[in-house]
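Participant: Provided herewith is a single structure, encoded as structure tokens, for subsequent inquiry.
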Amino acid sequence: MHTILKTALPLLLFTAGNAAADPLWSDEFDGANLNTEVWSYDLGAGGWGNSEIQEYTNDSANVRVENGALVINAHEKTQRGKRKSYTSGRIKSENRLTVKYGTIEARIKVPDLADGLWPAFWTLGNNFQDVGWPDSGELDIMEMGSAAAIDAGVVNRRVGSTAHWEHNGTHAEYGLSYDSPTDLHTGFHVFRMEWTPDLVSTYVDNQWIWSIDISEASCADCTEFHQPHFIILNLAVGGLYTGITRSSEVTAPMPAEMLVDYVRIYDNGFTELGGSAIDGGGNEGTQTHVAAIMPGVSGGGPNKRARADVLIMDETGEPVEGATVTATFTGSHNGTLTSLTDASGNASFTTSERNRTVAFEVCVDSVTHATMTYTPAANIETCDAY
């Protein structure tokens, strides 16, 4: 894996000067595999807080490095009853590579998005596992596939950028979009964010998209944008952003392929890099959260039992083995059960109660581990229904 790190100062702290001609850090994706010293996977289904349809996996069919590029593939599967389901990929640099201020860019080729695909290049505050969203802050460098773009007939031409943060105990956001004169899915394009202590601006191929003034004089509560963030790249299927939340509504060609030629960070005079890939620390997780809840049923007739699989992961996206998970079933089947996660981070539950009717909700009550702390605020979901 060809990962470039320009070590100009021991702490990689810069306070003067403009963005250099050479990147301070980059991943050129020219090796055989994903560099797991920098990247980890988000895994699971459950909608991801956005009613997304896909399940994220770490299977090479969904995420791999090939021919000098990161490849994120969305695949369609036909289930029983001709119902469609989807898998895709999402990687992040959480705890392994963080950046506070700088020029952050990626050269990306998006797939044909019409309709229902949602590619994104974005950042979250690295304190996400501790404070949750939107308190962590979010900077969307590139999002495409919005419902508004679909309605306007420009789904393959409109690029959106948005900031999300906490304001007076609620979610605040500000974003704009740019409509390219030509479709963007036919080739590679450079998506860039310029981030300083006063201003965040985004661009596609040097064309300005959006800016937000984050100076204290303009935004006194924008502390979320003055702390280290980590990078995320993903290709979602459906979701509230697209206005498509049912698999039957997805019309985009499958399989769909998002290619990333590189991700680069340039020093803009304020840039700070951190994380285990920079300071040499370990990347073992210390916090757990619920990544997915997958309810189901076993048995038939009057002997149906409610069941659920709960996926537990750490803050780096790795499965957590040996966690004790307690979950409560209510509805057609009732009870509080406990299960231990296996090597895949999965805890399985099956009720002893049997019923002909199956309509229940299952909620995770607690997750305990000998060396890790459960962070409910970081849960992708805490309850799910069948």
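Participant: Can you pull out every residue in region 202-260 that is of a type in the set (D, E, K, R) and free of Cβ contacts under 8 Å to residues at least 60 places away in the same chain?
Facilitator: Across region 202-260, the qualifying residues are Asp205, Asp213, Glu216, Asp221.
Participant: Could you list, in sequence order, the residues of region 127-136 that are in a loop (DSSP other than H, G, I, E, B) and within 20 Å of Ser161 (Cβ to Cβ)?
Facilitator: Once the filter is applied, which keeps residues that are in a loop (DSSP other than H, G, I, E, B) and within 20 Å of Ser161 (Cβ to Cβ), region 127-136 yields Trp133, Pro134, Ser136.
Participant: Of the residues in region 44-62, how many are buried (at least 22 other Cβ atoms within 10 Å of the Cβ) and either among the polar types (S, T, N, Q) or part of a loop (DSSP other than H, G, I, E, B) (or both)?
Facilitator: Count: 5.
Participant: Restricted to region 225-255, and to residues that are farther than 24 Å from Tyr178 by Cβ and within 18 Å of the chain's Cα centre (by Cα), which residue is surrounded by the fewest Cβ atoms within 10 Å (Cβ to Cβ)?
Facilitator: The extreme case among them is Thr245.
Participant: If you don't mind, another one. Residues that are over 20 Å from Gly243 (Cβ atoms) and of a type in the set (Val, Ile, Thr): find the strands (runs of 3 or more DSSP E) completely inside region 137-206 holding 3 or more of those. Steps first, please.
Facilitator: Working: elements: 138-143, 158-167, 170-179, 189-195, 199-204.
Hits in region 137-206: 199-204.
Participant: Show the residue pairs meeting these rules: Cβ distance below 8 Å; 6+ apart or different chains; first residue within region 138-157 and under 14 Å from Gly116 (Cβ atoms); second residue modelled with pLDDT of 95 or more and in a helix (DSSP H, G or I).
Facilitator: Val155/Ala149
Residue-by-condition table, conditions (1) buried (at least 23 other Cβ atoms within 10 Å of the Cβ); (2) modelled with pLDDT of 95 or more:
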{"residue": "His289", "(1), (2)": "yes, no"}
{"residue": "Met313", "(1), (2)": "yes, no"}
{"residue": "Glu318", "(1), (2)": "no, no"}
{"residue": "Thr357", "(1), (2)": "no, no"}
{"residue": "Glu361", "(1), (2)": "no, yes"}
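Participant: From the list Glu224, Glu216, exactly one residue is assigned by TED's automatic domain parsing to the domain that holds Glu76 and assigned to a helix (DSSP H, G or I). Which is it?
Facilitator: When all the criteria are applied, what remains is Glu224.
Participant: Still on this structure: Condition first: within 30 Å of Ser276 (Cβ to Cβ) and free of Cβ contacts under 8 Å to residues at least 24 places away in the same chain. Now tell me which residues in region 301-358 satisfy that.
Facilitator: Leu340, Asp342
Participant: A further question on this structure: Step by step: first the residues of region 155-195, then only those that are among the hydrophobic types (A, V, I, L, M, F, W, C) and surrounded by fewer than 19 Cβ atoms within 10 Å (Cβ to Cβ), then the one that is nearest to Gln207 (Cα to Cα). Which residue is that?
Facilitator: Val190
Participant: Can you list the strands (runs of 3 or more DSSP E) lying wholly within region 64-126 that have 1 or more residues being surrounded by fewer than 23 Cβ atoms within 10 Å (Cβ to Cβ) and over 15 Å from the mean Cα position of the chain (by Cα)?
Facilitator: 69-78, 84-88, 98-100, 102-109
Participant: Checking Phe230 against (1) farther than 22 Å from Asn156 by Cβ; (2) of a type in the set (A, V, I, L, M, F, W, C); (3) assigned to a strand (DSSP E or B); (4) out of contact with any helix residue (DSSP H, G or I) (no Cβ under 9 Å at 6 or more places or on another chain), which test does it fail?
Facilitator: (4)
The values are calculated or read from the model by the stated rules, or taken from the named source; none is laboratory data. Not measured: the values here are computed from a predicted model. Don't worry about glycine lacking a Cβ; one is built from the backbone with ideal geometry, like all the others, and counts go over all protein chains shown.
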